[in-house]
Amino acid sequence: MSGLFITFEGIDGCGKSTQRDLLAEELERRGLDVLVTREPGGTAIGEDIRRILVSDASVHIAPTTELLLYVAARAQHVAELIKPALDADRIVVSDRYTDSTVAFQGYGRGLDLEMIAVLNKLATADLKPDLTVVFDLDPATARGRLGSRPIGGLLGAFDEQHSDFHKRMRQGYLKMARSEPSRIHVVDASGAIEETYSKVLALVLPMLEEVRRAKSEVRSQEEVRSSESEVRSQESEARKPSNP
């Protein structure tokens, strides 16, 4: 598998969707092949599941039911969209992935983290992002940014009743970042959009350069092997006895 897999994470209202779109525009401007997607969603099945999860019908959903819906959407997302795109050497930028489930259902809902890890591995065939950016923001500030945005269900539950839930999610993200510092990078999202975006580029652009150099080295090695093979073939032909 080649390509590059980048995921954006954080509590609702942190601005990750805006940053995802800005990054995708920049990458496309540079002539790169980019797939922009989201979870839950991305596929027809995933979008149907998303409609359930953001509807008012999901407010009293059982935590395990909610978890399994997210995992089902992810399994389809990886199989139908993400893995084929990476195999085609594309850059995938996703708004949420496995870390969201750990934060939402694990730290937020209090479900067993080991169980979530097993389900995530099953859904993704252990496909992990090359880079995960967590946009860190105080829940109170995020709530103010959301304002009256019309989202139902638990995903939109940003009142006082659920304030502790979002605080636990935030702490979960920060804990994950400490446990996987090479993959998960925390960006302070409290500033202006442009300020946050500059921090995103500072993380992504060096990685793109590393990928470019790696691909260049692979091409060079392939060219050397091809040249050596051609030389050996010519030498073999030269050693063959000529017909009398």
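The values are calculated or read from the model by the stated rules, or taken from the named source; none is laboratory data. Predicted model, so just to flag it, every value in this text is computed and none were measured. Here Cβ is always computed from backbone atoms with ideal geometry, including for glycine, and neighbour counts include all displayed protein chains.
Only one of the listed residues (THR37, THR18, THR7, THR43) is of a type in the set (Ser, Thr, Tyr) and farther than 25 Å from ASP89 by Cβ. That residue is THR18.
Checking the stated criteria, LEU35 turns out not to satisfy the condition of being touching a Gly at 6+ places or on another chain (Cβ under 8 Å) and crowded, with 18+ Cβ neighbours inside 10 Å. With respect to ILE45, is the statement that it is part of a strand (DSSP E or B), closer than 18 Å to LYS83 by Cα and aliphatic (A, V, I, L, M) true? Spelling it out, it is not the case that ILE45 is part of a strand (DSSP E or B), closer than 18 Å to LYS83 by Cα and aliphatic (A, V, I, L, M).
Every residue, every condition in (1) surrounded by fewer than 22 Cβ atoms within 10 Å (Cβ to Cβ); (2) more than 23 Å from ASP21 (Cβ to Cβ); (3) over 14 Å from the mean Cα position of the chain (by Cα); (4) modelled with pLDDT under 95, yes or no:
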| site | (1), (2), (3), (4) |
| --- | --- |
| ARG96 | no, no, no, no |
| PHE104 | no, no, yes, yes |
| VAL134 | no, no, no, no |
| ARG145 | yes, no, yes, yes |
| SER148 | yes, no, yes, yes |
| ALA157 | yes, yes, yes, yes |
| HIS162 | yes, yes, yes, yes |
| ARG178 | yes, yes, yes, no |
| GLU195 | yes, no, yes, no |
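Taking the conditions (1) farther than 23 Å from ILE116 by Cβ; (2) small (Gly, Ala, Ser); (3) crowded, with 18+ Cβ neighbours inside 10 Å; (4) without any contact (Cβ under 8 Å) to a residue 60 or more places away in the chain in turn, GLY46 satisfies each one other than (1).
Contact map, region 50-67: residues that are over 16 Å from GLU39 (Cα atoms) paired with residues that are assigned to a loop (DSSP other than H, G, I, E, B) and charged (D, E, K, R), Cβ distance under 7 Å, separation 6+ or inter-chain. Pairs shown: PRO63/ARG109. Do we have any residue at all in region 109-119 that's modelled with pLDDT of 95 or more, more than 27 Å from ARG168 (Cβ to Cβ) and either in a loop (DSSP other than H, G, I, E, B) or within 17 Å of the chain's Cα centre (by Cα) (or both)? No, region 109-119 contains no residue that is modelled with pLDDT of 95 or more, more than 27 Å from ARG168 (Cβ to Cβ) and either in a loop (DSSP other than H, G, I, E, B) or within 17 Å of the chain's Cα centre (by Cα) (or both). In the condition set (1) of a type in the set (S, T, N, Q); (2) closer than 20 Å to SER198 by Cα; (3) in contact with a Gly (Cβ under 9 Å, 6 or more places away or on another chain), THR18 is compliant with all but (3).
Looking at region 81-96, is at least one residue closer than 20 Å to HIS185 by Cα and among the polar types (S, T, N, Q)? So far as region 81-96 goes, yes, one or more of its residues are closer than 20 Å to HIS185 by Cα and among the polar types (S, T, N, Q). Across region 68-82, a minimum of one residue is classified as within 30 Å of PRO206 (Cβ to Cβ) and in contact with an Asp or Glu (Cβ under 8 Å, 6 or more places away or on another chain). Do you know which of the residues in region 22-57 that are touching an Asp or Glu at 6+ places or on another chain (Cβ under 9 Å) and charged (D, E, K, R) is nearest to LYS167 (Cα to Cα)? Only one residue fits best here, namely GLU39. Please tell me if LEU86 is without any contact (Cβ under 8 Å) to a residue 60 or more places away in the chain and either within 24 Å of THR196 (Cβ to Cβ) or not hydroxyl-bearing (Ser, Thr, Tyr) (or both). Answer is no for this residue. Entry remark, region 29-53: residues being of a type in the set (Val, Ile, Thr) and more than 20 Å from the chain's Cα centre (by Cα) number 1 in total. Is one or more of the residues making up region 73-90 part of a loop (DSSP other than H, G, I, E, B) and in contact with a helix residue (DSSP H, G or I) (Cβ under 8 Å, 6 or more places away or on another chain)? No, every residue in region 73-90 fails to be part of a loop (DSSP other than H, G, I, E, B) and in contact with a helix residue (DSSP H, G or I) (Cβ under 8 Å, 6 or more places away or on another chain).
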